[in-house]
1. Whole-Hz ³J(HN,Hα) for each residue in the stretch 111-123, computed from phi via Karplus 6.51 cos²θ - 1.76 cosθ + 1.60 with θ = phi - 60°, x for glycine and proline: what do you get?
2. What list of ³J(HN,Hα) values in whole Hz, one per residue of the stretch 237-243 in order, does the Karplus curve 6.51 cos²θ - 1.76 cosθ + 1.60 (θ = phi - 60°) give from phi, with Gly and Pro shown as x?
3. Just subtract the alpha-carbon distance of K130 and D6 from 0.36 nm times their residue separation and send over the number in nm, one decimal.
4. Determine, for Y123, Y162, the number of other Cβ atoms within 10 Å of each Cβ, and report the residues in order from fewest to most.
5. Could you name the lysines whose alpha carbon sits less than 22 Å from that of K2, not counting residues in the same chain fewer than 8 places away?
6. Please list the non-local residues whose amide H lies under 5 Å from the amide H of R41, H modeled 1.01 Å from N, same-chain partners needing a gap of 5 or more.
7. Using amide H atoms built in the peptide plane, which far-off residues or other-chain residues are under 5 Å from F195 H to H?
8. Could you work out the relative contact order of the stretch 1-113? I mean the mean sequence separation of Cα pairs under 8 Å and 6+ apart, divided by the number of residues, in percent.
Amino acid sequence: MKNLLDLTGKVALVTGASSGLGVQFAKALAEQGADIAICARRLEKLEAVKKDIEALGVKCFAYKCDVLKVDEIRAMVKAVEEHYGKIDILVNNAGVGDATPAADLPDETWRNVLGTNLDAVFYVAREVGKVMLKNGYGKIINVGSLHSEVVMSNTTWPVPAYAAAKGGVKMLTKALAVEWAKSGITVNAIGPAYFGSEMTNDILSTGGFDPVAAAYCPMGRAGREGELNGAVLYFASDASSYTTGQILYIDGGWTAI
C-alpha cells in the first residue's frame, strides 16, 4: 500500500521553528522525507535546529524573520522560494501566549498578541499562498488552539487576547480554504490543548495545571511530545486531498465538554 504520508520531494516551511512545537513539526515533516525551511527571530537557535534536521537526511534552510514585520515575511518567502524553487507546505506556527485579565490588558499587549497570532498568520499565508497559486499546489496548516473554540470557565487563565486571535485563526482558515479550494491548495488548522513549550512551561510547571486538567480535560493531562505529529502530517500530505477548511482539536477531549 502506498504511504499516504510520504513527503519525499516536497518543501515545507515552518514558522516559529527555533523551539517547542515548531521544532517538532519540522522534524516530523523531515522524517517523512520533506526538505525543510525554518524561520524565527533567533538565528542561533535556528542553526542548531537546522543541524538536527539535516541529520535526518534531508535539506534544511534557516532564515531569520520577525513575523510582526511584513517586509521581513516577504523577504523570507522570497528567499525560501529562490532556495528551493517552490513551497509545497506551510506550517503557520509562530505565536505568543498571554493570560492577562481583560480589565488589566495593556493596549500594547493586545496588539502584540493579535499581531503575532492572527495578523502574521494571514500575512505569511498570503505571501506563501502567492507561491502556491503560481504552482497550482499547496498545503497550509495554521496553528490554532483549543481556545479557538473555548475559553476557561473561571479566572485561572484569562485569555481574552489569545482567544480572540486563535478564534480568528479558525475563521481565517475557513475563508482561505474556500477562496483557494479550486486552485490546488488546502487550508486547515490544528487546535492543540496544552503541550510543553517555552510558551506553556510556566503554566505546566506551577502545579496549578493538574487540577484544571482534571476538571476540564477528559484525559486529565497535558499533551505529550509527538501527539500533534499525526495531524500535521495528515494535513501536509496527500492523505488530506479532499479535506479543507477544517480545524482538528488535539486536546484530550477538552472541547468535547
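Computed from the coordinates by the stated procedures, all read-outs in this text should not be read as laboratory data. Since we're looking at a predicted model, the values are computed, not measured. Virtual Cβ from ideal backbone geometry, glycine too; neighbours counted across all protein chains shown.
1. Each residue of the stretch 111-123 in turn: 5, 5, 5, 5, x, 6, 8, 10, 4, 5, 4, 5, 4 Hz.
2. After applying 6.51 cos²θ - 1.76 cosθ + 1.60, I find 10, 6, 4, 10, 4, 10, 10 Hz.
3. So the extension gain works out to 42.2 nm.
4. Details: Y123 20, Y162 24.
Sorted ascending by nearby Cβ count, the order is Y123, Y162.
5. Excluding near neighbours in sequence, the set is K10, K27, K139.
6. Counting only residues 5 or more places away or on other chains, the set is C65.
7. Those qualifying (amide H under 5 Å, at least 5 residues apart or on another chain) are G223.
8. Details: 179 pairs, mean separation 31.5, N = 113.
Relative contact order, the stretch 1-113: 28 percent.
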